[in-house]
Amino acid sequence: MSLMPKLSTILALSASLMAATDAEVISFLKKGIGGNPNITNVQIEVSGKKNLPAMSGWQAYFMSIEADVKQGGSTRHINQNGTYFVNGNVIAPELINVKTGERYNDTVSPDFSSSFYTKSNRISGEANATHKVAIFSDPLCPFCRRYVPEAIAYMAKYPKTFALYYYHFPLSTLHPAAVTLTKAAIVAEQEGIDNAVLHLYKVDVNASEKDDQKILNAFNKTFGTKIDLNDIRRPSVVNQFEFDQKVAQSMMVVGTPTVFFNGQKDASKNKYKEIKVK
């Protein structure tokens, strides 16, 4: 369930002639979300802001939103990120450049911190390669299964040109089996199995499967391994899994595959193909 208010048009934040403050933006969104009686304990923070040079006066607001949501007879806690655009006392849920057609929701993101480029996330290339590429992916996402192996195989051929960093981002609501698969892949990576991420996309399993043992059986069949339930519960595996999720949250990643090229979100996902390689 999305907590984002359905603001179909640009709305006034307040009657003030001055630029809206962070507090006003938060208050406006709280009123919109809190208007739903099934949503309580709404907490909203501004996690970052970025000016849009091509759209004078506009700023992208990166928001962290938490709330308790009642669905049926149960209540669950939801933590989501969202991007809004603010200009003076006006807020918009999306912003499109009418001259270029650029949809800023797709292209604007927080700056990619250098601390996210870790050795454990680098799956190919040299750390000092000319270009850094980061991929967030779910191994059971249909588009990912076509795109990611090709991208990995291509960039791996040019280790001085591309340093490729991979972040496990299973979409648990859509593909429950992906969570266990990614943890098994992390085990394989930590045990030194070559091309673990690349082989991950060959595992044949129902994306809706929730039986961890059945999922591991499919993984082990593909990898020729004997990874078990205890392995995917190792602290080192859990820590890496949680790190990848935190990076995704910091970078406002909501879908897969999401690609960053040299720290900037690559909506085309193909900027690496534009680089001349030797």
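Each value in this text was obtained by applying a stated rule to the coordinates, not by laboratory testing. Fair warning: this is a prediction, and the values are worked out from it, not measured in the lab. Glycine gets a Cβ as well: all are built from the backbone with ideal geometry, and neighbour counts include every protein chain shown.
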If you build a Gaussian network model of the chain, linking Cα atoms that sit under 10 Å apart, which residue out of M252, M63, M55 swings the most? M55
Sequence-separation-based contact order of the chain, relative, with Cα cut under 8 Å and 6+ spacing, percent: 16 percent
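Going down the table (K210/K246; K119/K265; K70/K214; K221/K273; K70/K210; K70/K269), which pairs top 26 Å between alpha carbons? Please report the intermediate quantities before stating the final value.
Values: K210/K246 23 Å; K119/K265 21 Å; K70/K214 31 Å; K221/K273 33 Å; K70/K210 23 Å; K70/K269 37 Å.
Distance filter (> 26 Å) returns K70/K214; K221/K273; K70/K269.
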Residue by residue, what Karplus-based ³J(HN,Hα) values in Hz, rounded to whole numbers, does the stretch 144-159 have, using 6.51, -1.76 and 1.60 with θ = phi - 60° and x for Gly and Pro? 4, 5, 8, 7, 4, x, 5, 5, 4, 4, 5, 5, 5, 6, 10, x
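Give the order of D68, D194, D266 when sorted by the count of other beta carbons within 10 angstrom, beginning with the fewest. Can you show the working numbers first?
Values: D68 14, D194 8, D266 18.
In increasing order of surrounding Cβ atoms, one gets D194, D68, D266.
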Relative contact order of the stretch 11-107, defined on C-alpha pairs under 8 angstrom at six or more residues apart (%): 26 percent
What is the angle, in °, between the Cα long axis of helix 177-190 and the longest principal axis of the Cα atoms in the chain? Nearest 10 is fine, range 0 to 90. 60 degrees
If amide H atoms are modeled at 1.01 Å from N in the peptide plane, then the residues at a separation of 5 or more from S124, or on another chain, having amide H under 5 Å from its own are L164
Residue-wise HN-Hα coupling along the stretch 54-71, computed from phi with Karplus coefficients 6.51, -1.76, 1.60 (Hz; x: Gly, Pro): 7, 10, 3, x, 8, 10, 8, 9, 9, 10, 9, 10, 10, 6, 9, 10, 8, 10
Explain nothing, just compute: Karplus ³J(HN,Hα) = 6.51 cos²θ - 1.76 cosθ + 1.60, θ = phi - 60°, for every residue of the stretch 24-40 in order, whole Hz, x for Gly and Pro. 5, 4, 4, 4, 4, 5, 4, 5, x, 6, x, x, 7, x, 8, 10, 10
For D266, what residues show an amide H to amide H distance below 5 Å, using hydrogens built from the backbone and excluding near sequence neighbours? V259, F260, F261
Matching label, percent of Cα pairs over 30 Å apart computed from the structure shown, candidates [x] 38; [y] 20; [z] 45: [x]
For the chain, built as a Gaussian network whose Cα springs stay under 10 Å, the top-fluctuating residue of I91, I78, I152: I78
